[in-house]
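Below: the structure, in structure tokens.
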Amino acid sequence: MPDRKKKKPLVPKLRFPEFKDAGEWEKRKLGDVYRFIPTNSLSREKLTYDSGRIRNIHYGDIHTKLRALFDIEKESLPFINDGISLKESNNDGFCVLGDVIFADASEDVDDIGKAIEIVNTGGQKIVCGLHTLHARQIAPEFIVGFPGYLFQSRGIRQQIQRESQGAKVLGISASRLATIRIFIPKQPEQQKIADCLSSLDELIELEAQRCEALKAHKKGLMQQLFPLEGETKPSLRFPEFRGAGEWEVKTLEQVAIYENGKAHEKEIDDQGKYVVVNSKFISTEGEVKKYSHSANLLAKKDDILMVLSDVPNGKAIAKCFFVDKDNRYTVNQRICKLSTKNAVSKLLFYILDRNAYFLAFDDGVKQTNLKKDDVLHCPLQLPEDKAEQQKIADCLSSLDELIELQSRKVEALKQHKKGLMQQLFPQEVI
């Protein structure tokens, strides 16, 4: 009986016109194309950002900072301390153009086996460090600038994730990585794809820089719109308030009502009516959500919700969320709700968000847990005239809107790139 399942050719959905008749991409094992070079496992104590002769790529760098195409002029990498010899670092293979570096461990499946390609060393010596796998082509199958994108493609990433092992921490070995199948088009097509995606990356980077510039402008503006430490007036005041008096010194207790959030863990429901505001929700700017049909502490429009507990040196402690609508959010434990009673809520939000007073409770050693009294004793300075309070809040809110629009533009470009890659690379999962 004939096989009714006809094997699909290994080609991408989208091809540049000049390659539509170029035939199938070649399928090879990674281990037949790349060889692995020994890496080192130096601890952070043996690295420094001050100065040195040799740069070191750490798996954490790949997870959090490095682009798919690694350019030393666009990244910050630590040096190996000068007192450590290459022999001690167990690495006699400096990175060269076209080398691919994989992160071989992660708690997150999205990061396991994440890869970067070296496209510019700037003449500096770079070695691969803790939990990395350093791969170099046996023969020049790929042009420089293509593998970085290839190893981001869905078909390759799913194979790597499938080959990873572990419970809490996932890991992948060079031997398992060597078994995955990679797809190889002719080099002119590689160049076209690399040029297309790198141009898109440059646009994303440019728009991201504009977003960061707006954030920096906001930070600088806030330093002028609020009194500096030891001062009673800001250095910058709107024209109609330049003759107004000094700002009043108060405590948070004088301007807000405090309530502790309540547990919702037993009532989490993906179909729930209310968003459960927890630390993860606030720290991710609302991207990570849980829902509940129960509102154990319902927040009202203009309430301020603040994180009370975080790990040492955490980025969530005292981070605030401003409630923009009624009957939408319920407050979880380890979050407090602040309802203003004689101040403009949005201005108070800008003052309290990651306020230095709260950050001082973090000793960098043990978990920080802010108590009710700690929060209510927070010292504040506010202009007496509510019209001035509102003017400052409106100014900063307008700037936040610009930042949000720019952030959405960056995210839209990233999604466009993701969709484009799904079409420019074969999606076969072997």
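Some notes on this structure:
- Residue under evaluation Asp374, criteria (1) over 23 Å from the mean Cα position of the chain (by Cα); (2) within 25 Å of Glu248 (Cα to Cα); (3) assigned to a loop (DSSP other than H, G, I, E, B), criterion not met: (3)
- Picking from residues in region 17-63 that are of a type in the set (Lys, Arg) and modelled with pLDDT of 90 or more, the one that is farthest from Pro185 (Cα to Cα) is Arg55.
- Checked against the criterion of being touching a helix residue (DSSP H, G or I) at 6+ places or on another chain (Cβ under 6 Å), crowded, with 22+ Cβ neighbours inside 10 Å and on the phi > 0 side of the Ramachandran plot, the candidates Gly113, Gly122 yield just one match: Gly113.
- Within region 225-254, being in contact with a His (Cβ under 9 Å, 6 or more places away or on another chain) and hydroxyl-bearing (Ser, Thr, Tyr) holds for one residue alone: Thr251.
- Scan of region 129-143 for residues that are assigned to a loop (DSSP other than H, G, I, E, B) and within 26 Å of Asn81 (Cβ to Cβ), ordered by number: Gly129, Leu130, His131
Rundown of residues vs (1) farther than 23 Å from Ala139 by Cβ; (2) surrounded by 19 or more Cβ atoms within 10 Å (Cβ to Cβ); (3) at pLDDT below 85, yes/no style:
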site	(1), (2), (3)
Lys65	yes, no, yes
Asp71	yes, no, no
Asp82	yes, no, yes
Ser89	yes, yes, yes
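- Counting only strands (runs of 3 or more DSSP E) wholly contained in region 16-103, the ones carrying 1 or more residues that are closer than 18 Å to His131 by Cα and out of contact with any Asp or Glu (no Cβ under 8 Å at 6 or more places or on another chain) occupy 34-37, 54-57, 100-103.
- Among the residues of region 369-380, the ones that are surrounded by 18 or more Cβ atoms within 10 Å (Cβ to Cβ) and either within 20 Å of Gln223 (Cβ to Cβ) or at pLDDT below 95 (or both) come to 2 in all.
- Test result for His217, touching a residue at least 40 places away in the same chain (Cβ under 8 Å) and exposed (fewer than 15 other Cβ atoms within 10 Å of the Cβ): yes
- Pairs, first in the same structural domain as Glu117 (by TED's automatic domain parsing) and of a type in the set (Lys, Arg) in region 31-51, second at pLDDT below 85 and assigned to a loop (DSSP other than H, G, I, E, B), C-beta under 9 Å, six or more apart: Lys46/Gly83; Lys46/Ile84
- Any hit, region 416-426, residues being exposed (fewer than 13 other Cβ atoms within 10 Å of the Cβ), under 30 Å from Trp25 (Cβ atoms) and over 18 Å from the mean Cα position of the chain (by Cα): yes
- Matching entry among Asp201, Asp195 (being within 22 Å of the chain's Cα centre (by Cα) and more than 17 Å from Asp32 (Cα to Cα)): Asp201
- Residue match in region 161-175 (condition: touching a helix residue (DSSP H, G or I) at 6+ places or on another chain (Cβ under 9 Å), more than 23 Å from Gly31 (Cβ to Cβ), surrounded by 18 or more Cβ atoms within 10 Å (Cβ to Cβ) and not small (Gly, Ala, Ser)): no
The values are calculated or read from the model by the stated rules, or taken from the named source; none is laboratory data. Since the model is a prediction, treat every value here as computed from it, not as a measurement. Virtual Cβ from ideal backbone geometry, glycine too; neighbours counted across all protein chains shown.
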